[in-house]
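Peer 1: Let me give you the structure first, and then I'll get to my questions.
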Amino acid sequence: MEPLAYRMRPKTIDDIIGQTHLVGENGIIRRMVQAKRLSSMILYGPPGIGKTSIATAIAGSTATKFRQLNAVTDSKKDLQLIAEEAKMSGQVILLLDEIHRLDKGKQDFLLPHLENGRIILIGATTSNPYHAINPAIRSRAQIFELKPLNDDEIKIALTRAINDEENGLGNYDINIDDDALNHFVQASSGDIRSSLNALELAVLSSNKKTIHITLQDAKDCLQRATFQFDKDGDMHYDIMSAFQKSIRGSDVDAALHYLARLIAGGDLVSITRRLLVISYEDIGLASPSAGMRTLAAIEAAERLGFPEARIPLSQAVIELCLSPKSNSGISAIDAALSDVKAGKIGAIPKHLKDSHYQGAKSLGHGVGYLYPHNYENGFVKQQYLPDTLKHKQYYNPKTNSKSEQQFKQIYENLHKKS
């Protein structure tokens, strides 16, 4: 018998749970189905949230022939057979799993069939198609992002499976405790497939006529929350982005949440590198010593390793969150780099050029240079920037911290003198 998650796949667009932004009343996929104007599409998102279900539902709602292949394990010959079938029948919906791993030979074969509309391609992937899928395929398909199901939607799916006598578990006498049902919902982290598989295991592993599923039974069948983490995947970069933005936004609780997800993924290298970047990019001159303290926490974490590394890492995150913020340093160097890359460089003033060689003086190199240490307070007025940039200001101090207020005052005083 097929797994419960397979048997419960929706037959039509109306059976789909969740993804209302795509298949709800005004969803674009529903409108395509109702108008019978299907186009190729790429569905992407985490595992178990309905990519295959949407494909099968589209086929069921439009009475179109449906075939399913894997971009890696199935061959070009398999694609040829589907192309021949499409030529005979007029149109075939092809669900191509792991489309981000489609090789060039298979891609080149598919393209003309997508162009003439005989094959409606529905590509499924967990990777961001803008990063992972060849532009030739991408340009011929609509791209739709699927979202993890929320708790209410998972509960609807589980309840439907428990009561469905034809495809679900409705022929079993099942009594499930509320906390057990909630565990199946919450521990799945939006993955409807894993929650259905765990429910089925709880039912089939019982030898009793009346099946009573307790919280412990649910925990035994779904022992830990589904956690999506791939150091090279799209989710990893999303977590890293949310981590830095939470620290930048001074939200301690959100930053600790994303830190916990990174720790659960065991990615110490990415955590430490990003923390060091944050200490200089987002805290910067508002708290110059934060970088040194962050580095000390990183060195402690690297020496300790997990699980103890979580302790110095969490302290560094909390400090960075609650520190004053300034991006004046990165803004200043980026502004200077922008000018350099645009060719705005100008000639180095002659008095700043190297004079440590015979003949330099005859060229005027180093002539007229004023040695600041020979002057009061180690400062003397003279031009350092090229003539074309001599009035340029790259550093724009912030005023939200005592340290940078001091830098601002010094900077302005020096500019008055010069």
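Peer 1: Give me E308, E319 ranked fewest to most by other Cβ atoms within 10 Å of their Cβ, as a rough exposure proxy.
Peer 2: If I rank by nearby Cβ atoms, fewest first, I get E308, E319.
Peer 1: With θ set to phi - 60°, apply the Karplus curve 6.51 cos²θ - 1.76 cosθ + 1.60 along region 89-103 and write out the HN-Hα couplings as whole Hz, x wherever there is a Gly or Pro.
Peer 2: 9, x, 6, 9, 8, 10, 8, 10, 6, 6, 4, 5, 9, 5, 7
Peer 1: Say the dipole of region 1-77 comes from +1 at the beta carbon of Lys and Arg and -1 at that of Asp and Glu; which of S61, M1, V72 then lies farthest toward its positive end?
Peer 2: Of the listed residues, the answer is V72.
Peer 1: Using 0.36 nm times the number of residues separating L295 and H21, minus their current alpha carbon distance, what extension gain do you get?
Peer 2: Result: 94.2 nm gained on full extension.
Peer 1: Next question, about the same structure. Please work out the C-alpha center-to-center distance from region 129-189 to region 76-126 and express it in whole Å.
Peer 2: Region 129-189 and region 76-126 have Cα centres spaced 26 Å from each other.
Peer 1: How big is D, in µm² s⁻¹, for region 240-297 by Stokes-Einstein at 10 °C and 1.306 mPa s if Rh is the Kirkwood radius over C-alpha pairs?
Peer 2: 138
Peer 1: At 7 Å along the Cα-to-beta-carbon direction for both Y280 and H131, put a label point, then send me their distance in nm to one decimal.
Peer 2: Those two pseudo-labels are separated by 2.4 nm.
Peer 1: Calculate, in nm to one decimal, what N182 and S89 gain on full extension: separation in residues at 0.36 nm each, minus their alpha carbon distance.
Peer 2: Difference between extended and current length: 28.9 nm.
Peer 1: I want to make sure I understand the PRE zone here: with the label point 7 angstrom from the Cα of D339 toward its beta carbon, which residues in region 368-394 have backbone N atoms less than 14 Å away?
Peer 2: Output list for this probe position: 383-394.
Peer 1: Shape of region 328-417 from its Cα gyration tensor (a ≥ b ≥ c, root eigenvalues): rounded if a/c is under 1.5, otherwise prolate when a/b > b/c, or oblate?
Peer 2: oblate
Peer 1: I would also like to ask the following. Fewest first, what order do D164, D179, D217 take by the number of other Cβ atoms within 10 Å?
Peer 2: Neighbour counts put them in this order, fewest first: D179, D164, D217.
Peer 1: Considering only DSSP beta bridges whose two residues both sit in the chain, what percent are antiparallel, to the nearest 5?
Peer 2: 0
Peer 1: Going 7 Å from the Cα of S205 toward and past its Cβ, which residues in region 155-185 have a backbone nitrogen under 14 Å from where you end up?
Peer 2: 184
Peer 1: Using Cβ counts within 10 Å as a stand-in for footprinting exposure, how do M292, M41, M1, M240 rank, fewest first?
Peer 2: In increasing order of surrounding Cβ atoms, one gets M1, M292, M240, M41.
Peer 1: Here's another thing I want to ask about it. When averaged across all projection directions, what area in nm² does the alpha-carbon convex hull of the chain cover?
Peer 2: Mean projected area for the chain: 31.5 nm², to one decimal.
Peer 1: Sticking with this one: Using packing as a proxy for protection, rank 391-404, 12-25 so that the peptide with the highest average count of other Cβ atoms within 10 Å comes first.
Peer 2: In decreasing order of mean packing, 391-404, 12-25 become 12-25, 391-404.
Peer 1: Sticking with this one: For the pair N167 and L215, what calculated FRET efficiency results from E = 1/(1 + (r/R0)^6), where r is the Cβ-Cβ distance and R0 = 25 Å, to the nearest 0.05?
Peer 2: For L215 and N167, the calculated efficiency is 0.40.
Peer 1: Modelled label-to-label distance, T388 and K36, 7 Å Cα→beta-carbon offset: nm?
Peer 2: 6.6
Peer 1: Turning to a different aspect of this structure: Can you grab the distance from the C-alpha centre of region 348-392 to the C-alpha centre of region 234-256, Å, no decimals?
Peer 2: 46
Readers should treat all values here as calculations from the given coordinates under stated rules, not as data from a laboratory. Nothing here was measured: the structure is a model prediction, and the numbers come from that model. Ideal geometry is used to build each Cβ from the backbone, glycine not excepted, and the neighbour counts take in all protein chains shown.
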